[in-house]
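A short worksheet on the structure shown next.
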Amino acid sequence: MPETPAYPVGLRLAGRRVVVLGGGSVSQRRLPALLAAGADVTLVAPEATPSVEAMAEAGELTWERRRYREGDLADAWYALIATDDPAANAAASAEAEAHRVWAVRSDDAESATAWTPATGRSEGVTVAVLTGRDPRRSAAVRDAIVEGLRDGTLSAPRHRARTAGVALVGGGPGDPDLITVRGRRLLAEADVVIADRLGPRDLLDELPPHVEVVDAAKIPYGRAMAQEAINEALIRHAKAGRSVVRLKGGDPYVFGRGMEEVQQLADAGVPVTVVPGITSAVSVPAAVGIPVTHRGVAHEFTVVSGHLAPDDPRSLVDWEALAHLRGTLVLLMAVERLGAIAETLIRHGRPAGTPVAVVQEGTTAAERTVDATLATAARAVEEAGIRPPAIVVIGEVVSVGPRAGTAGPGAGTAGPGAGTSGADAGA
Ligand code: SAH
């Protein structure tokens, strides 16, 4: 016989008394959501798990260290009955029933007056799934919905007016899996996307046909002119009431001219939000198995732009000071000037034998790595035909671990981008 379905409802528990009986793993799982809803939680339990104890210590709930006794549920709006004593659970259930307090039970769903759905949240939407007797299925359905909303594969347009404006989104180093959840959602909702040469260009192919894609890499001017044309396009589309995503490689504020664009938009009165991204400075080394710090090896990492030669009067970099550091140096935009940079570092004291790795187009299918030392790096890069975009990592961290995707001797067996596309975390 089919089960009578439960009646779903969203309880507004803020400031209302909720009683939790038992301090074990069930309570530990449910308490965060009760607290997030603002419930005034009283926990009755002789013992509790360390994380439940921590909630009590932090003053997030009131803990009465004792067993359940008749009368505990008086004045409660809602109860979670989850002690390890079936007789106490049954007695509490009976009290809840008598006082008309809705109660869930960890040990006996049949005698409970309420059931906890599998829940998840994504950008202001709460998903709650009840399947009756199949909690795994509930969790799976919940995961499918939350994931789908997050990555845009579940199409559920918002009907509240979206604010027109520009979102400056850091797209990560290139692998489409390495954009943030928020960035991906904004892409799925955009009317116009203005993309760079760097970043997750594969994501552009997935955009629905009505989305206008402006490829900033194809704007046929010099660098300064191109930037002006980009700013002009951002302002024009936003002022026409469209939601615009400015998709940038890595993080928008790491050598990405992000703040220049923010300033221009602000001056034009266009609302801007910035979504941070995973910078190539850290993620590209990681993708090939190089940690930018390692205990006992490097206690600092310094990210430097190599777009100007060390002797260029416009350079703001103190290369001599960098040569005295013992930690990791990560150079961006440095392929063309690697010879001059390496020579300067050696001249000011960095050992010539310091390991160097150069990674071209990290986290993409075209990823390539060249290993060398400070003394040999420029030649190795030239011989291998390494071209921008590439990251240069200088320091002992280069040789601490097993390496993925390395072309040289001792190469790992993993292919390009290995280790970067692992399973996403669940809801
Ligand atoms: N905002 C970006 C950096 C922009 S500067 C970020 O946070 O990653 C452009 C430089 O970034 C390139 O010249 C190169 O040095 C580096 N870069 C970006 N993506 C890269 C990738 N996938 N592989 C190697 N280097 C990359």
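No value in this document is a laboratory result; all are computed from the given coordinates. Keep in mind it's a predicted model, so treat the numbers as computed, not measured. Every residue, glycine among them, receives a Cβ derived from its backbone with ideal geometry; neighbour counts consider all protein chains shown.
Between helix 258-267 and the chain there is an angle of about 70 degrees, using the helix long axis and the longest principal axis of the Cα atoms. A rounded overall shape is assigned to region 165-277, the ratio a/c of its alpha-carbon gyration tensor axes (a ≥ b ≥ c) being less than 1.5.
For the pair Lys239 and Glu206, a Förster radius of 22 Å applied to the C-beta separation gives a FRET efficiency near 0.25, rounded to the nearest 0.05. Taking the chain as a Gaussian network of alpha-carbon nodes connected by springs under 10 Å, the highest mean-square fluctuation of the residues Gly327, Gly124, Gly241 belongs to Gly124.
With the largest listed first and rounded to whole Å, the semi-axes of the equivalent ellipsoid of the chain from the Cα gyration tensor are 53, 29, 19. Each peptide in 182-192, 143-153 receives the mean, over its residues, of other Cβ atoms within 10 Å, and ordering these scores from highest gives 182-192, 143-153. Highest-first packing order for the peptide set 168-176, 303-311, 330-338, 196-204 is 168-176, 330-338, 196-204, 303-311, based on the mean count of other beta carbon atoms within 10 Å.
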